[in-house]
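S.K.: Pasting a structure below so you can have a look.
The values are calculated or read from the model by the stated rules, or taken from the named source; none is laboratory data. Note that the structure is predicted; figures quoted are calculated from it, not measured. With ideal geometry, Cβ positions are generated from the backbone for all residues, glycine too; neighbour counts draw on all protein chains shown.
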Amino acid sequence: MFGLAGRLKKLVYMTWQDIIGVKIRDDGSVCLLELREDDDWQVKARMLLPPENGHDLLWQAKRIAGRLEEEGLWDVPLVLFAKTEKDGFWNVPPEENEIERKELAYWALEGELGNVGVDIEDCAVAVYAWPQETRPWGGAVSQEYLISVQEAFEQAGIRLLDILAVPEDETDYMYCVGMKCWQNNWGKKWGGGLLNQEQHVNRWKWPAMAAIVAGVVLFLSGIVIGWDFWMLYVARQENWSAKQELTRLTSEQNKMKMFEHIRQETAGKEKHLQELSVKNIPWYSVLVHFGSRTVEGVWLERLEFEGRDKLHVAGRAVSYEAVADFVKTFEEDRDFFPQGAVLESSEEAEKENPQSEERISFQLSINL
């Protein structure tokens, strides 16, 4: 997407271009790769932590967190290249389709794990097509290891985006190719990501979108208010012209009649302008507060005023807990929403897209 539309998408749509790839080696050393996605994944910077034996994963995670903070990369998401129990390129019949080839590779991997006394059910398995290789690659990582890694990195305060299985190789090229395969297969049944997460690397910038909407509403409100002032100016100009006309009248009776007519006309226009001002709804203030009350997992579909003081809100959410968190945010902003929010209804929503997470439809009302 190019031109104005492309720039607008970049403004409201966030894409991670930098990811930290981490490889914890057997000797206790750690390789940190700052990977950047331009046309393809490339190594932007390489950092090494010296070998430190006799330490657990939590200690390593804290050491990684310290180095990332020193480099100013604390907010960059992280992908860990895991140590596999067993991996390799598996010879499968080339005449089968891609899904069947990956399933055959899975069964071959299960047999190899059985030979070393490991149950495949105790492992997370990654199987995917490796570029420029006719055989699918597959690897298995212990579930116990995955749990330990997630707990350690969570305690260290590091955002662990995924745990990735790639062929055992220390070349940067191998990691970059692995990242490309992971990006193309993330969230699918067969892929390199072991945490089975849905894709959240790309997401909408809700604050930026709220600011754009608020700006548009403010612009339109400015046009309406400007039109009101223009009408007031025209009315005053007409009033002035009428008063000038009065000076040319020689008859005192005609002067009084004209003055009364102008007075009534001006009073009517000013009353009309006052009514327009009273009916103005504080969209800008409402949208600004809604922009600060966003809750992950909740999407708003409709805002509708009833009169001046009551607002109806309809939306969707991934769970009832997300709906409860959204209602609770209004309790925390009593200065603007003195009576909080009232949940009028919530129910299971019909999905337009089977892959969508939006399971709950809800409506609530707010007295301003």
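S.K.: Could you go through the range 66-79 and let me know if any residue there is in a strand (DSSP E or B) and either under 24 Å from the mean Cα position of the chain (by Cα) or not hydroxyl-bearing (Ser, Thr, Tyr) (or both).
M.R.: Yes.
S.K.: While we're here: Restricted to the range 310-349, and to residues that are touching a helix residue (DSSP H, G or I) at 6+ places or on another chain (Cβ under 6 Å) and under 19 Å from residue 297 (Cα atoms), which residue is surrounded by the most Cβ atoms within 10 Å (Cβ to Cβ)? Give the steps one after another, and end with the answer.
M.R.: Applying the first criterion (touching a helix residue (DSSP H, G or I) at 6+ places or on another chain (Cβ under 6 Å)) to the range 310-349 yields 317, 336-337, 340-341, 343, 346.
Then keep just the ones that are under 19 Å from residue 297 (Cα atoms); that gives 317, 341, 343, 346.
Values: 317: 25, 341: 20, 343: 14, 346: 16.
Per the stated criteria, the residue is 317.
S.K.: Let me ask something else. Can you confirm whether the range 339-352 contains a residue that is of a type in the set (Asp, Glu), modelled with pLDDT under 75 and farther than 15 Å from residue 294 by Cα?
M.R.: Among the residues of the range 339-352, at least one is of a type in the set (Asp, Glu), modelled with pLDDT under 75 and farther than 15 Å from residue 294 by Cα, which makes the answer yes.
S.K.: Checking residue 147 against (1) part of a helix (DSSP H, G or I); (2) surrounded by 12 or more Cβ atoms within 10 Å (Cβ to Cβ); (3) not charged (D, E, K, R): exactly one of these is not met. Which one?
M.R.: So residue 147 meets the others, but not (2).
S.K.: Sticking with this one: State which residue is surrounded by the fewest Cβ atoms within 10 Å (Cβ to Cβ) when the search covers only the range 97-132 and only residues that are over 35 Å from the mean Cα position of the chain (by Cα) and not in a helix (DSSP H, G or I).
M.R.: Selected residue: 117.
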